[in-house]
Amino acid sequence: MNKRKNTFYYWAFLLPCLLALFFIIFLPLVYGIYYSFTDSDGFQSTFIGLENYTRILNDAQFLKSLSFTFRFTLVSVIGVNVIGLGFALLVTQNLGKLSTVFRTIFFMPNLIGGIILGFIWQFVFINAFEGIAELTGIEFFNGWLADATTGFWGLVILFLWQMSGYIMLIYISFLNGIPAELLESAEIDGASSLQKFWKIKFPMVAPAFTISLFLTLSNAFKVYDQNLALTAGGPFGSTEMVAMNIYNTAFVLFEQGYAQAKAIIFFVIVAIISIVQIYVTRKREVDL
């Protein structure tokens, strides 16, 4: 009787989540896969088989956006994790109240929405940088968002500024979990700070790398609002990321079937990369 009652409660609690997953994730995914084989414009659709997928192979702007997004993701993932780990190491030192102040300052950009962050950095790169260029005569600060290369680095800087504080919290939680006796034993044996980091802290925070890399990877691939607010894909689509390319195809060109095919391809690529990343990093984890 108790077993039957427990089974009832188990499914009663689980059912709302399963229904939400079905209607919010699974059903739209199935609809999306179907529409990727149509010429849907949002109002009418006709089944056209694999035409959208073969068209993608010759879509220069989409391939350019894909390449840009890959480069952005690679640089951003490395940068966010290096800076996040650096912040975590800094605030876990014996700094007293300064530690709390630093944690707040580093995490604060994560509380600001992507559109607002984009406009803040647009002001910095256009007004502040050009002001510096006029005062100093240094050409480096001129036209940061008018060039594909500096536009790329502008997006990277914005993303690092937004995500590093958030990733810092994950590293802090794992650094605080390292047994103090282990670090004290290393100190007694004469280990330097650098040796303690490479031989003890770095291997012990390996599970944090799995989580942090996954979060930064998925967030970097999905960047849209920051891209829209900072460069809007310009100049001439040179900084257009995949999410923006898909959005423009669907809601500017009204080729929603084609946009859906792009989204499915993008989803498969991101899923494969994420699975490989999780498999590789989990193998390197050290059990605490």
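The values are calculated or read from the model by the stated rules, or taken from the named source; none is laboratory data. Predicted, not measured: the structure shown is a model, and the values here were computed from it. When we count neighbours, we look across all protein chains shown, and the Cβ atoms used for this are built from the backbone with ideal geometry, even at glycine. Heads up: the accessible areas ignore ligands, DNA and RNA and are worked out on the full protein's heavy atoms, side chains in. Shrake-Rupley method; radii C 1.70, N 1.55, O 1.52, S 1.80 Å.
Observations
- Some residue of segment 252-268 being polar (S, T, N, Q), at pLDDT 90 or above, part of a helix (DSSP H, G or I) and open to solvent by 40 Å² or more (accessible area, probe 1.4 Å): yes
- Odd one out for residue 130, checked against (1) at pLDDT 95 or above; (2) surrounded by fewer than 18 Cβ atoms within 10 Å (Cβ to Cβ): (1)
- Any hit, segment 1-13, residues being loosely packed, with under 15 Cβ neighbours inside 10 Å, modelled with pLDDT under 90 and assigned to a loop (DSSP other than H, G, I, E, B): yes
- Each residue in segment 146-193 was checked for being open to solvent by less than 20 Å² (accessible area, probe 1.4 Å) and of a type in the set (Phe, Trp, Tyr), and 3 of them qualify.
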